[in-house]
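The values are calculated or read from the model by the stated rules, or taken from the named source; none is laboratory data. On a predicted model such as this, the values are computed, not experimentally measured, just so you know. Cβ atoms come from the backbone with ideal geometry, glycine included; neighbour counts cover every protein chain shown.
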Amino acid sequence: MTAIPKILLVEDDKKLALALSLRLQAKRYDVKIAYDAMGGVMAASKEKPDLVVLDISIPAGGGFTVAQRMKNLAATAGTPIIFLTASNDPVHRERARELGAAAFLEKPYDIEELLEAIKRALARSPLRNRPRAG
């Protein structure tokens with residue numbers, strides 16, 4: 001039996017986070033939510049998700065800080081990250097690419113496009129078949 005993929009959603013808009021979480025759970029993903037950068041880093045370290053969906057403009061440090069800290073932690077260094085942002089700033093897109101983003105989607109995003117990006121990122125992830133504790 002294959003483990004259900006665990007996704008960490010880091011999004012400060014609580015309504016958006018809940019709506020997206022419900023959509024992902026309906027597609028059989030185990031979803032954890034953090035609402036700011038500090039919570040995102042802590043949750044990534046504790047939960048060791050298979051993938052992170054990360055907003056760029058979040059309190060307590062921002063999405064790029066979360067991504068950089070995850071890259072620096074052995075437990076989360078290879079975790080694929082999909083950035084979601086309301087910004088169409090090419091500097092943000094470039095920074096996401098530098099951090100190894102699996103995808104970069106602008107809000108409002110198309111849910112099917114996001115689901116496809118998640119599927120692709122999980123399929124390519126070296127973490128996908130790692131053993132899970134408990």
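See the values below:
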{"read-out": "Matching entry among 44, 60, 34, 86 (being under 12 Å from the mean Cα position of the chain (by Cα) and over 23 Å from residue 124 (Cβ atoms))", "value": "34"}
{"read-out": "Neighbours by Cβ (under 8 Å, 6+ apart or cross-chain): first from the stretch 1-28, farther than 19 Å from residue 59 by Cβ and at pLDDT 95 or above; second among the β-branched types (Val, Ile, Thr) and outside any helix (DSSP H, G or I)", "value": "6/31; 7/31; 7/52; 7/53; 24/7; 24/31; 25/31; 28/4"}
{"read-out": "Any hit, the stretch 4-12, residues being touching a strand residue (DSSP E or B) at 6+ places or on another chain (Cβ under 9 Å), loosely packed, with under 15 Cβ neighbours inside 10 Å and within 19 Å of residue 121 (Cα to Cα)", "value": "yes"}
{"read-out": "Selected residue [touching a Lys or Arg at 6+ places or on another chain (Cβ under 7 Å), acidic (Asp, Glu) and surrounded by fewer than 18 Cβ atoms within 10 Å (Cβ to Cβ)] from 30, 110", "value": "30"}
{"read-out": "Of residues in the stretch 77-107 being β-branched (Val, Ile, Thr) and in contact (Cβ under 8 Å) with a residue 24 or more places away in the chain, the one surrounded by the fewest Cβ atoms within 10 Å (Cβ to Cβ)", "value": "85"}
